[in-house]
């Protein structure tokens, strides 16, 4: 799959989240990827809704979750539930690969890691950015968030909350095109640190292909370096 993107990483700033989402969908249309990683969270949801409107060979596309909360599929905290709702019928036309709920979180992560190995490298990977600098379910509270010995693993960031299952840095790095979607003033500090290559989990991901960061003006308000592109 050819790519119009260039290395090194590039930051593109948009007036608002809607303009950012439309650009992400247009990029997706241009590249027509076959192996796609979808992240959770509210920021990418609009991009998925727009992507679902594209006239593509959805039956040739494999969709993978970057991470998941280990909760039932009907739980509103489930990333798979959000993805299915945002994509509508496209989620059934494509092949959506999710974490198994028929096993414990650690076994589920191991099974998922074995499954994605057969599809690497990914063509297109959507990523998000948390206020604390996490991406997927790679959290700064986990001293092993940058582990490279497995393709996926399980972690419980909060003893009061659910387990998380997540692709590892090793798996995410096997991406031809990676697109971070970042919106909101509350993400401004994290985006600045990411752009500076600071010590946060999101900055530990180094795709073997092209890295593009799409941001609204609010999130980019504290970025000191001049954006590329």
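Quick note: the coordinates plus some simple rules give every number you see, no bench work behind them. Keep in mind it's a predicted model, so treat the numbers as computed, not measured. When we count neighbours, we look across all protein chains shown, and the Cβ atoms used for this are built from the backbone with ideal geometry, even at glycine.
When DSSP assigns beta bridges and you keep just the ones with both residues in the stretch 125-229, what percent turn out antiparallel, to the nearest 5? About 35 percent, rounded to the nearest 5. When only C-alpha pairs under 8 Å and at least 6 residues apart count, what is the relative contact order of the chain, in percent? Relative contact order, the chain: 26 percent. Sorted into 5 angstrom bins from 0, the C-alpha pair distances of the stretch 150-229 split as 3, 14, 18, 22, 19, 15, 7, 2, 0 percent. Take every DSSP beta bridge whose two residues both sit in the stretch 10-222, then give the antiparallel share in percent to the nearest 5. DSSP beta bridges in the stretch 10-222 are roughly 25 percent antiparallel. Over the C-alpha atoms of the stretch 10-222, the Rg to Rh ratio, Rh being the Kirkwood estimate, stands at 0.93.
Annotation for the stretch 42-73 versus the stretch 126-202: alpha-carbon center distance of 18 Å.
Taking only the C-alpha atoms of the stretch 58-117, the Rg (one decimal) and the largest Cα-Cα distance, Dmax (whole number), read 11.6, 31 Å. Summary of packing: across the peptides 146-159, 203-216, 21-34, the per-residue average of other C-beta atoms within 10 Å ranks them, highest first, as 203-216, 21-34, 146-159.
Stokes-Einstein diffusion coefficient for the stretch 96-186 at 25 °C in a medium of 0.890 mPa s, Rh from the Kirkwood formula over Cα pairs: what value in µm²/s? So the translational diffusion coefficient is about 177 µm²/s. Add -39500 (n - 2.57) for each DSSP H run of 4 or more in the chain, then divide by its residues: what number comes out at 222 nm, to the nearest 500 deg cm²/dmol? It comes out at -7000 deg cm²/dmol, rounded to the nearest 500.
Report note on the peptides 95-101, 49-55, 172-178: ranked by the mean count of other C-beta atoms within 10 Å, highest first, their order is 172-178, 95-101, 49-55.
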